[in-house]
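To start, the structure itself, in structure tokens.
Computed from the coordinates by the stated procedures, all read-outs in this text should not be read as laboratory data. What you are looking at is a predicted structure, and each value in this text was computed from that prediction instead of being measured. Every residue, glycine among them, receives a Cβ derived from its backbone with ideal geometry; neighbour counts consider all protein chains shown.
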Amino acid sequence: MPDSNSSCQTFYDILQIENDSTIEQIKKSYRTLALKYHPDKNLDNIVETTAKFNRIQEAYEILSDPEKRNWYDNHRDVFHKDLFDVSEYEIDEKYFQSSCYNGFNDDVNGFYSVYRKLFEDIMQQELRFYDDPDDFEYPEFGDSNSDLKSFQNGHYF
């Protein structure tokens, strides 16, 4: 396993496999690496080995499950922020302050309008990662007249 910082490696790198590896290849690599880096077999360097072993287990848990693997493949930036330029995804600090909106209303500077715009911007950023963005649906943010029943039925974010 490379000695570089494991947070800068994908789960495929950690398991030393290709992105198109089969489940059998994933299992084989996991077994080999788990034996090699198991903390009980590396008592002279237990802290570093335990960290590597935990990353190997995490990678295996995700890549061995088809649904988790698919989600991971489509959202690697969530797991590996160091591998991607996430500066364009940062949310301005102003949105974490109540001073960014003026009242809980639907005015241009009101809570609902300000945060509806923010969530629409976030969704537009997310849509870039989908093969067919037109096939992706997401709930609306809602407004000052939104009721709990609509929210519970998934119509509002």
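Taking a ≥ b ≥ c as the square roots of the eigenvalues of the alpha carbon gyration tensor, segment 91-152 is oblate, as a/c is not under 1.5 and a/b does not beat b/c.
Looking at segment 98-148, which GluC sites (Glu not before Pro) are in a loop (DSSP not H, G, I, E or B) and have at most 11 other Cβ atoms within 10 Å? Intermediate values should be presented prior to the final figure.
Working: sites: Glu120, Glu126, Glu137, Glu140; in loops: Glu137.
Those that pass, being in a loop and sparsely packed, are Glu137.
Note that segment 6-83 shows a convex hull volume over its alpha carbon atoms of 78 Å³ per residue. A cut-off of 5 Å between modelled amide H atoms, ignoring neighbours fewer than 5 places along the same chain, links Gly142 with Phe157.
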